[in-house]
Amino acid sequence: MSRKGKILAALLAVLAPVSAVALWTYLPQMQRAATWQNMASPGPLSSAHAFLKEDCAACHTPVKGVEDATCVACHANETVLVQRQPTAFHADIAGSNNCVACHKEHDAGRSLRGMDHAALTDIIVRWLDRAPEGHEGAELLAHLKAHRPEALPGNLSLANGMTYKETLLDCASCHKTTDPHVQVFGNDCATCHGTTTWSIAEYRHPPPSSTECGQCHLAPLSHYKEHFGMMSKPIAGVRNAEPEQCYLCHQTTSWNDIRGIGIYDHH
């Protein structure tokens, strides 16, 4: 390196820290905060909260972290969203300090609509514990302690993967709008289904020769209109079929696997 180059390098080495401090001093307050936040951020926010990426304090309280009161301050007026049947239970868990148990930010690829049934059950148990004497919640907790103490620790599991504690949940209150059984089997979803997956690994459909389809399946509305006689029955080649006689046209491999026709989609 030339003598001139060495002098320039030495000068820059002396001035660089001073320049950095001076530059930081004159940065606007908001820009300084954003710089520190970008250095400490655990990851990008979801698209719904992306507009807050430069304002950690909008959600985080120093020392305490994310508090429910902060979430409620923004979302309390979203009555149309909260009153939807699948999300109406939020009104019953106010003050539980557990929004972040299900709604996790800075988690790439995770939906904010994620559901943690175990966390929801913990909220219910804490609510029962705080219920005043004589309240139905207190009576339920007393009953559980006396007759089903295994439901409270939550460390025992049923065959379907649910914990005993999770059986406290009223599945139908949230899932009745998506119940494919249309309550043919009642409201005790936990008899067959678990909280981690809706499918039942051990389930085996009755054999193709079964004629008792109506025990589980209901014919669609179109089968009770002219469409059934004008389109469905002629296509299947069974002109005298009744809507309840599913087995005459359908096969157990797939609902649109028509006998003698194969997979058919008239739409």
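If residue 190 meets every condition in (1) loosely packed, with under 13 Cβ neighbours inside 10 Å; (2) in contact with a helix residue (DSSP H, G or I) (Cβ under 8 Å, 6 or more places away or on another chain); (3) part of a helix (DSSP H, G or I); (4) of a type in the set (Gly, Ala, Ser) apart from one, which number is that one?
All conditions pass for residue 190, except number (1).
For residues that are open to solvent by 30 Å² or more (accessible area, probe 1.4 Å), assigned to a helix (DSSP H, G or I) and under 18 Å from residue 208 (Cβ atoms), tally how many sit in the range 221-267.
2
I need a count of the residues in the range 199-220 that are over 30 Å from residue 162 (Cβ atoms) and open to solvent by less than 60 Å² (accessible area, probe 1.4 Å). Don't jump to the end; show me each part of the working.
So in the range 199-220, the residues over 30 Å from residue 162 (Cβ atoms) come out as 208-209, 211, 219-220.
Remaining after also requiring open to solvent by less than 60 Å² (accessible area, probe 1.4 Å): 219-220.
Looking only at that region, the number is 2.
Enumerate the pairs (first residue in the range 49-73 and assigned to a helix (DSSP H, G or I); second residue anywhere and surrounded by 14 or more Cβ atoms within 10 Å (Cβ to Cβ) and of a type in the set (Val, Ile, Thr)) with beta-carbon separation below 9 Å, excluding pairs fewer than 6 apart on the same chain, so at least 6 apart or on different chains.
That search, which allows pairs on different chains as well, returns 58/70; 68/100; 71/100.
The values are calculated or read from the model by the stated rules, or taken from the named source; none is laboratory data. Keep in mind that what you see is a predicted model, and the values were worked out from it rather than measured. Note that we place each Cβ from the backbone using ideal geometry, even for glycine, and neighbour counts take in every protein chain shown. We work out accessible area using only protein heavy atoms, side chains counted, and drop any ligands, DNA or RNA first. Shrake-Rupley method; radii C 1.70, N 1.55, O 1.52, S 1.80 Å.
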